[in-house]
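J.: Quick one: the structure is below, questions incoming.
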Amino acid sequence: MRTLPISISISAATFALLTTALVLPGCGGHELVRDDPGAARPEASDEDDRRTVATGEKRPTEERAQDASPKDGLAELEKGEDASTRGPFPETSAVVAPTSEPPMADVSRDDAHARQASKEKKSAAREYALGGAGYGRGAGGMVGSASAVTGGYAPPPPVARPAPEFNTEAYDHVADNAFVAVADQALSTFSIDVDTASYSNVRRFLDGGTLPPKDAVRIEELVNYFDYDYPGPRSEQPFAAVTEVSECPWNPSNRLVHIGLQGRRIDMQDLPPLNLVFLLDVSGSMNSPDKLPLVKQGMAMLVEQLRPQDRIAITVYAGAAGLVLPSTPGSQKRPILDALDRLSAGGSTAGGAGIQLAYRIAQDNFRKGAVNRVILATDGDFNVGTTSQGDLVRLIEAKRESGVFLTVLGFGTGNLKDATMEKLADKGNGNYAYIDSADEARKALGREVGASLVTIAKDVKVQVEWNPQQVASYRLVGYENRMLAAQDFNDDKKDAGEIGAGHSVTALYEVVPAGRGTAGSGVDPLRYQAGRAPTAAASSGEMMTVKLRYKEPEGSTSKLISFPVSDRGKAFGSTSDDFRFSAAVAAYGMLLRDSEHRGRADFGKVESWARGALGEDPSGDRRDFLRLVGIARSLQGQDTVADVTTR
């Protein structure tokens, strides 16, 4: 039967009446109801949960998960139902309450065939890149191969990623930091960065059989993805610092300076109470297996760890924003998980409206001394309402003054707006991670949940003063978009990065020793002034002085830490595992970026340096790094670089 379009015009009053009974198509079968702030909301009981534990009965969500079949969605379509007819949210402010019926999957038979073809194509590309090694990382968890490197892990099936019709991913341009002559600029100042999104995003490209675009590679995020065995603070300070100096492995005539910060570790049971608001993108662009289904899986992992003193609310956005679940105690896991289970994708993306609503809910339930945070899960493809990157950043900057912090989790492929999400996290006193698999979700929201959610120091800045009698020039490896002016270090109004509980932060400088040239200096001598006369400290043998500034999570005045560092002439082979491994990761990043500063580094040397510095590696992350180096090495020289947009 052929369906003809019909245009209907109704008044605003009539629409308001109708919305009490309408269903929000963009939220997968959630009723639109009026938000009455004064209305009493009955608290969900967890008696059913206790009965489930005692009797072993299945919850309804578990039954649906076990009974589901890939054929079910196609069977519904055989009956004539078409998920593509679902539209966006009505453009109205609303609270969303769940219905009793689960939504039908937003798929079609053509989509299913296209996804299967895409999966087979990517699998073939991966096998080609690896010479048939069968490597992969997917929803099943930690992966590897049957080799000494991975300990014999069998590769689980990868997360299905449907091939987009066209690629609209966007990354900001990154220009490598250049060498700076100490005679021209003796101070180097930057904000710390604990984001890890670039590493898992690069992994996604490599696992898909292509080299990443250069601007998707942010070296500091590659290095900071890993745990390091730095000593924790022994005093009341929130973090401790460690330094090490050695020859530079990719340019042995230079020196490499390693600065490590270790945040105080806090066990989950000792965390402050959590006041969390999930802000989940359920727009049409999230309708693929590596997006909304993976979001729901990751959020469920976090929910399972909640304690009775924690609270969580769920807000969503597509064509408009809605409240799926009001702030609910962590003891009431069943209604929280059921609310997640009912979500489905459809409609356009009003990200600005969603951010406004999520922060309002967080502020309404704000608790002093608690962790007050919004967790945004999206592909970053905002296309309705507030859409420009500048306007979204200004919105986040205004909201951070409320004391509510932000975590941004990126998902999906083909339309990932990496540049937007990184800036939102940066300006929202938060962190940014890219989730490419269930294993990565388990890392970010499971074993590293304290680092992801609990800020122990904010506005953390680093300033290094170089001794001209020891150093001719220097180059900060990475942190290109975190550079600060020298005067910003003492300016407490200048925003900088945050350190979470248990976070490790690492920075590397490549240094040209004094007397070996002034690489990077192209400035003519000044006519009206000569260089500054050295002080007595210049003859102390110190290489540099490291200064750190930070604020307490709820503070407004910074505190200063300062200490000198000397070069004891250590060889690269006699350094710590952490030093050698971080250097290997930095060289890997330079090779992926085809950096002019990569020196004699190649993927073979990177693998050798990293293999000798694996340490205990309880998570297996360092061993998996060797796998990625092998893929990158096999792809080198092939025309397999992803085609994406760089701003």
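The values are calculated or read from the model by the stated rules, or taken from the named source; none is laboratory data. Values in this document were obtained by computation on a predicted structure and should not be read as measured data. Virtual Cβ from ideal backbone geometry, glycine too; neighbours counted across all protein chains shown. The protein model used for the area step is the full one, side chains on, heavy atoms only, and it has no ligands, DNA or RNA in it. Shrake-Rupley method; radii C 1.70, N 1.55, O 1.52, S 1.80 Å.
J.: Going by amide H atoms built from the backbone, whose H comes under 5 Å of the H on GLY500, apart from near neighbours?
T.: Residues meeting the criterion, in which the H sits 1.01 Å from N, are ILE456.
J.: Relative contact order (percent) for the range 531-647, with alpha-carbon contacts under 8 angstrom and 6 or more residues of separation?
T.: The normalised contact order for the range 531-647 reaches 17 percent.
J.: How large is the translational diffusion coefficient of the range 442-569 in µm² per second when you combine the Kirkwood radius over alpha carbon pairs with Stokes-Einstein at 37 °C and 0.692 mPa s?
T.: Once the numbers are plugged in, D ends up at 190 µm²/s.
J.: Measuring with a 1.4 Å probe in the full set of protein chains, what accessible area per residue, in whole Å², belongs to the range 170-270?
T.: Here the per-residue accessible area is 32 Å².
J.: What is the packing order of peptides 425-434, 586-595, 167-176, 560-569, taking the mean over residues of other C-beta atoms within 10 Å and listing the highest first?
T.: Ranking the peptides 425-434, 586-595, 167-176, 560-569 by packing returns 425-434, 586-595, 167-176, 560-569.
J.: If packing is taken as the average count of other Cβ atoms within 10 Å, what order do 537-544, 627-634, 450-457 fall into, highest mean first?
T.: Highest-to-lowest ranking by the protection proxy: 450-457, 627-634, 537-544.
J.: Determine the dipole magnitude for the range 264-314: charges of +1 sit on the beta-carbon of Lys and Arg, -1 on that of Asp and Glu, nothing else is charged, the reference point is the Cα centre, and the result goes in debye to the nearest 20.
T.: Dipole magnitude for the range 264-314 comes out near 80 debye.
J.: Calculate, for the range 559-615, the solvent-accessible area per residue in square angstrom, rolling a 1.4 angstrom probe over the heavy atoms of the protein chains.
T.: For the range 559-615, the solvent-accessible area averages 42 Å² per residue.
J.: A further question follows. Quick one: net charge of ARG373's neighbours, Cβ under 13 Å, K/R +1, D/E -1?
T.: So the environment of ARG373 carries a net charge of +3.
J.: With no solvent and one equal point scatterer per Cα, compute the Debye intensity ratio I(q)/I(0) for the range 254-355 at 0.13, 0.21 Å⁻¹ and report its log10, rounded to two decimals.
T.: -0.56, -1.05
J.: Then there's this: Could you derive backbone 3J(HN,Hα) for the range 330-337 from the dihedral phi with the Karplus parameters 6.51, -1.76 and 1.60 (θ = phi - 60°), listing whole Hz in sequence and x where the residue is Gly or Pro?
T.: Values per residue, Gly and Pro as x: x, 6, 9, 5, 4, x, 5, 5 Hz.
J.: Just the Cα atoms of the range 343-432, one point each, no solvent: what log10 I(q)/I(0) does Debye give at q = 0.14 Å⁻¹?
T.: Debye output, listed in q order: -0.46.
J.: Hey, what's the range 360-478 come to in accessible area per residue, 1.4 Å probe, Å²?
T.: Result: 27 Å² of accessible area for each residue.
J.: Now for a separate question. Quick one: Kirkwood hydrodynamic radius for the range 526-624, alpha-carbon pairs, angstrom, one decimal?
T.: It works out to 17.7 Å.
J.: Ignoring any ligand, DNA or RNA, what whole percent of the accessible area of the range 494-585 comes from carbon and sulfur when the probe is 1.4 angstrom?
T.: 49 percent
J.: Another one. Fully extended, how many nm does the chain gain between GLU236 and SER540 (0.36 nm per residue separation, minus their Cα-Cα distance)?
T.: 106.4 nm
J.: Turning to a different aspect of this structure: What is the packing order of peptides 596-604, 248-256, 271-279, taking the mean over residues of other C-beta atoms within 10 Å and listing the highest first?
T.: The peptides rank, most packed first, as 271-279, 248-256, 596-604.
J.: For the range 469-541, which chymotrypsin sites (Phe, Trp or Tyr not before Pro) are in a loop by DSSP, counting at most 12 other Cβ atoms within 10 Å?
T.: TYR528
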